[in-house]
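Working notes, structure below.
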Amino acid sequence: MSIKIDVKKKYKDFSLDVSFETEARHIGVMGRSGSGKSLLLKCISGIVRPDEGVIALGERELFNSHKGINIKTAKRKTGYLFQNYALFPAMTVRENIMCVLSGGREQKRAEAEALIDKFNLRGLEGHLPSQLSGGEQQRCALARMMASKPDAILLDEPFSALDEDMRDDVMYELKAMLSDYKGVIMTVSHRREEIYAMSDEVIMLEKGVVSDIKTINDSNG
């Protein structure tokens with residue numbers, strides 16, 4: 001599935017002006033703090049409305065200022081993993097996953113159990129988020145995201161909340177768990193090693209604009 005981004009968003013002290021189109025399955029967006037990485041994800045997800053431009057996933061336009069298209073966040077079929085995971089604190093792992101599923105209770109339960117197994121949460125399904133480690137919280141948030149069957153997954157600094165000594169293990173575990181996902185994955189980070197390990201193509205942002213685009217095969221040096 002291709003993704004096309006051509007958006008502008010101007011604030012008093014910062015302007016985002018990003019344009020690219022790619023069929024890469026896993027896209028990394030890298031840049032220093034304040035380069036517009038998270039703002040780009042928020043535009044794609046619908047949290048922030050660009051001033052003008054186009055956002056399209058495959059043939060489906062999520063935003064087109066010229067045509068008056070601005071699909072609501074809940075209808076965009078984009079899964080957004082926030083830096084703090086945004087789990088519901090009073091819900092168990094199973095309840096966090098089930099709350100986004102549709103259908104009858106038994107169907108929802110069966111789908112939740114499958115996701116609990118896929119994301120290595122078996123034995124933790126009755127735990128509250130406060131009882132989970134950082135890596136376990138991330139897996140729960142990913143399972144909940146996948147329950148909504150998104151066309152695109154947006155990962156905003158997915159390893160920033162983890163301790164340094166567990167970051168690499170969780171990174172490769174996440175990559176393995178998403179290996180059979182057929183949609184677009186976009187990962188934002190300021191850490192080169194994370195972006196290059198996770199991505200097929202890298203978009204470099206600098207002060208709100210694309211400064212370079214590289215494929216990983218061309219970037220090994």
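See the values below:
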| quantity | calculated |
| --- | --- |
| Equivalent ellipsoid semi-axes, segment 59-112, via Cα gyration tensor eigenvalues times 5, rooted, Å | 30, 16, 8 |
| Residue list for segment 167-203, given a label point 7 angstrom along the Cα-to-Cβ vector of T215 and an amide N cut-off under 17 Å | 196-203 |
| Per-residue ³J(HN,Hα) for segment 48-59, Karplus 6.51 cos²θ - 1.76 cosθ + 1.60, θ = phi - 60°, Hz, x for Gly and Pro | 10, 8, x, 5, 7, x, 9, 10, 9, 10, x, 8 |
| Ratio Rg/Rh, restricted to the chain and using Cα atoms, in which Rh is the Kirkwood radius | 0.97 |
| Degrees, to the nearest 10: 164-177 long Cα axis against longest axis of the chain | 90 degrees |
| Sorted by Cβ density within 10 Å, fewest first, the residues Y196, Y80, Y11 | Y11, Y196, Y80 |
| Globularity index of segment 108-221, i.e. its alpha-carbon radius of gyration over 2.2 N^0.38 Å | 1.17 |
| Dmax and Rg, reported as Rg then Dmax, of segment 88-149 (C-alpha, Å) | 10.3, 31 |
| Antiparallel %, DSSP beta bridges [both residues in the chain], to 5 | 60 percent |
| Calculated [θ] (222 nm, deg cm²/dmol) that DSSP helices of n ≥ 4 give over the chain, each run adding -39,500 (n - 2.57) | -8500 deg cm²/dmol |
| Taking the chain and dividing mean pair separation by its residue count, relative contact order in percent (alpha carbons under 8 Å, at least six apart) | 30 percent |
| Normalised contact order of segment 17-143, rounded percent, pairs of Cα under 8 Å and 6 or more residues apart | 18 percent |
| Total charge dipole magnitude, segment 88-149, about the Cα centre, Cβ charges on Lys, Arg, Asp, Glu only, Debye to nearest 20 | 120 debye |
| Dipole magnitude (debye, nearest 20) for the chain, charges at Cβ of Lys, Arg, Asp, Glu | 960 debye |
| Pairwise Cα inverse-distance average, inverted: Kirkwood Rh of segment 38-146 (Å) | 15.4 Å |
| Distant-in-sequence amide H partners of T187 (H built 1.01 Å from N, under 5 Å) | I27, G28, V29, L155 |
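No value in this document is a laboratory result; all are computed from the given coordinates. Since the model is a prediction, treat every value here as computed from it, not as a measurement. Note that we place each Cβ from the backbone using ideal geometry, even for glycine, and neighbour counts take in every protein chain shown.
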